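Trainee: Take a look at this one; I'll ask things after.
FYI, it's all coordinate maths here, none of it is from the lab. Every value quoted in this text rests on a predicted model; they were computed, and no experiment measured them. Quick reminder, even Gly has a Cβ in these numbers, built from the backbone with ideal geometry, and neighbours come from all protein chains shown.
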């Protein structure tokens, strides 16, 4: 299956060569560009075949021809882990909460407690196995990728790209700030500021450790937070609803940063003050704004609020 994408060159893009345009504007990799070079309808301007060194002029229309992969049932020789297994019975029974779907993307609402993607110890009991079944890819080699996965304990928006091009473009949007995911959090204690930034590098506590720590030799990580409302926990202890936005997207970033400033998330089994409380963790990815990878249309997706936030007024978020 193939599709044609057309891009009219605007004044600020004029002077770029095709290779530069594909890399900077569409986040194509060298491998993807190389494939286009050898397709008869891979790259055309004004209907004429062009090469990657063609210099684009204002008003020209660049046509990119993509060959879409379909799920391959001939799995002989496939790398381990590349064949999508049918979801485990207990996962198959769960409804897949679809928030948005088009030709390139599937966006769903993940429940807390469900692993996003196959990993050691979780081969078919994951959200990705559910998504693969929905897309008809069970038992196949299918080009589906999770972009922006969530921790097992975190609920909310997860995006699956149906092709490598869409995945690469979304990653570029995340890096340059066009893709924004907002989290709802419930933190312990009463904040003395209505908003703030936690700017603290993160790394693993030790090689192979699951825990993350703030450390000078870690990777850059920045979390912006804003107080929404104040509430109380089951024993009357003060708690605070927040919205959080992150830069860099490190493992456990919001969880570690909130604990760093003395306000761990409610119910956090790893960084919280009451590790065996049994209550759900107070972190939920509830809003995502991005540009559709190929049309450029701005899309905003919202997930339903989790049960622990039902007493939060909807107009606050």
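Trainee: Using a 10 Å cut-off around each Cβ, can you sort 100, 271, 241 from fewest to most neighbouring Cβ atoms?
Mentor: Result, fewest neighbours first: 100, 271, 241.
Trainee: Let me ask something else about it. Report the far tail of the P(r) of the range 2-67, meaning the percent of Cα-Cα pairs longer than 19 Å.
Mentor: 19 percent
Trainee: Determine one quarter of the surface area of the Cα convex hull of the range 130-200, which equals its mean projected area, and express it in nm² to one decimal.
Mentor: Convex hull of Cα atoms, orientation-averaged projection: 7.2 nm².
Trainee: Let me ask something else about it. Please report how far the C-alpha centroid of the range 1-54 lies from that of the range 194-265, rounded to the nearest whole angstrom.
Mentor: The two parts, judged by their Cα centres, are 41 Å apart.
Trainee: To make sure I understand, if each residue's beta carbon is the centre and we count other beta carbons within 10 Å, what order do 35, 203 fall in, fewest to most?
Mentor: 35, 203
Trainee: Would you kindly compute the Cα radius of gyration of the range 180-285 and its largest Cα-Cα separation (Dmax), both in Å?
Mentor: Rg then Dmax for the range 180-285, in Å: 13.3, 39.
Trainee: Still on this model: Residue 317 versus residue 232, label points 7 Å from Cα toward the beta carbon: distance in nm?
Mentor: Distance between label points: 2.2 nm.
Trainee: Working from Cα positions, state the angle (0 to 90°, nearest 10) between the long axis of helix 164-176 and the longest principal axis of the chain.
Mentor: Relative to the chain, helix 164-176 is tipped by roughly 60 degrees.
Trainee: How high is the FRET efficiency from residue 209 to residue 295, r the C-beta distance, R0 41 Å, rounded to 0.05?
Mentor: The value I calculate is 0.45.
Trainee: A further question on this structure: With a 10 Å Cβ neighbour count serving as the proxy for reagent exposure, in which order, fewest first, do 110, 313 appear?
Mentor: Least crowded to most crowded, the residues run 313, 110.
Trainee: Assuming R0 = 30 Å, can you tell me the calculated FRET efficiency for the pair residue 216 and residue 279, based on Cβ-Cβ distance, to the nearest 0.05?
Mentor: After rounding, the FRET efficiency stands at 0.35.
Trainee: Give the share of C-alpha pairs in each 20 angstrom bin for the chain, from 0 to the last occupied bin, in whole percents, shortest bins first.
Mentor: 28, 52, 19, 1
Trainee: How much length is gained on full extension from residue 122 to residue 34, taking 0.36 nm per residue of separation minus their Cα-Cα distance?
Mentor: 28.1 nm
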